[in-house]
Amino acid sequence: MFTVSTLNKKIHDSVTTYHHGNLRETLLTQGLILLESSQGTEFSMRELTRIIGVSANSVYRHFANKEELLIAMAIHGFEQLLTLQGQAIQNSEDSRQGFILSGKQYIAFAMQYPALFRLMYGRFTVSQADENLKAMANLAYTGMLYAIANTLNVSVDDAKAKVLAVKSWSVVHGLSHLLVDGQFDDLSDLERDNMIDQVLETLKTE
């Protein structure tokens, strides 16, 4: 799983070997660290180059500006989230359980990487014209739609599947934001997990 500890290891390894051709990965990894540590996109490219120890010119060979870096970070986030959800579905006993577990992965991802989550689903991503980012964002939705259609045993064009997809996304996304914003910080871990389970169980797919 993509965690802060693995991020720190990756940046340590990549900083010492960036001259062998993996500077882009180093920039992306360190950018993700800065994103979470600052809880926002306020960090500068100058700060990024200072931490890594490279010149601005070398950075701009990979990312023309900060916006391109943020796009790459958002794409990376969608890739990670889709991988986690796909694993949850594959390891489930049936389509119904897979649907619920993929929702839990969505919430867990948001709680673990709140700044990245906001970047992925915020106005920045919506306003971008980058085709790769648009494709990944769309895939995150269509993946859920296919999971629901499979559970209902209907086509993805089925009206009920589409409505349930929007409803499910609204519930899971809204709960994720409430948790990320600290609205349930007074709950214990067990109480929080039970609440998440109970909310997800309300998303009937019969």
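Each of ASN194 and GLN112 was given a label point 7 Å from its Cα along the Cα-to-Cβ line. The distance between the two points is 2.5 nm. For the peptides 175-182, 68-75, residues were scored by their other Cβ atoms within 10 Å and the scores averaged per peptide; the highest-first order is 68-75, 175-182. When the Cα gyration tensor is reduced to axis lengths a ≥ b ≥ c, the ratio a/c is 1.5 or higher for region 124-206, and with a/b not above b/c it is classed as oblate.
For the chain, a Gaussian network of Cα nodes joined below 10 Å ranks ASP94, ASP186, ASP157 by mean-square fluctuation, and the top entry is ASP186.
Estimated at 0.36 nm per residue, the fully extended path between GLN87 and HIS173 surpasses their Cα-Cα distance by 29.0 nm.
Eigenvalues of the Cα gyration tensor times 5, then square-rooted: what semi-axes does that give for the chain, in whole angstrom, largest first? Don't skip to the answer; put the middle values down first.
Numbers: eigenvalues 231, 72, 45 Å².
For the chain, the semi-axes come out at 34, 19, 15 Å.
Only helices enter the 222 nm calculation for the chain: every DSSP H run of n ≥ 4 contributes -39,500 (n - 2.57), and dividing by all residues gives -24500 deg cm²/dmol, rounded to 500.
Bear in mind these aren't lab numbers, they're just calculated from the coordinates by the rules spelled out. Nothing here was measured: the structure is a model prediction, and the numbers come from that model. Glycine gets a Cβ as well: all are built from the backbone with ideal geometry, and neighbour counts include every protein chain shown.
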